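Structure, as structure tokens:
Read the figures in this text as sums done on the coordinates, not as results from a lab. Please read all numbers here as calculations on a predicted model, not as lab measurements. Note that we place each Cβ from the backbone using ideal geometry, even for glycine, and neighbour counts take in every protein chain shown.
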């Protein structure tokens, strides 16, 4: 297993000094990507995600007095299906050996979805919680896992959403590799 020097350094600082050291080193920061090849998708017919990009950066959100959980990083997550891109920004905090990111609420919906199957829809399951994903070091890359259901918005604000369930093994975990910073812009 090959671990990048930056990932090893961040992990070492965090294990020795704890999350407070994240002021100097943002854990797991960088740009990551995974493009699924046709052969992979053919072997996993239930997988609807074709490409994933993830940018982890120091948070732009100021600390709030009395905050119980310190937000360390922002995670810009983009997932592409066969014909559309969906995205969210996660507010991430340190937990055990990785980051846990609460997805952003991007739109309000008045009607409820009637199914909990993965896929594209035109309504939200919840208007107060877009879900949670976690990010952990895995070799030289990252393992992105849907921890609680996840809703990502489509290109037209409020017009379509991508829903992913942690129970669906085909769409709940994504192994990402480091990518050039330009990939995440």
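Table for the structure above
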quantity	calculated
FRET E, pair residue 160, residue 69, Förster distance 30 Å, beta-carbon r, rounded to 0.05	0.45
Residue 81 versus residue 147: modelled label distance in nm, points set 7 Å from Cα along the beta carbon direction	2.6
Euclidean distance of C-alpha centroids, the range 170-185 and the range 129-148, integer Å	11
Spin-label pair residue 175/residue 58, simplified geometry with 7 Å Cα→Cβ offset, distance in nm	3.3
Estimated FRET transfer efficiency when R0 is 45 angstrom, pair residue 95-residue 42 (beta carbons, to 0.05)	0.80
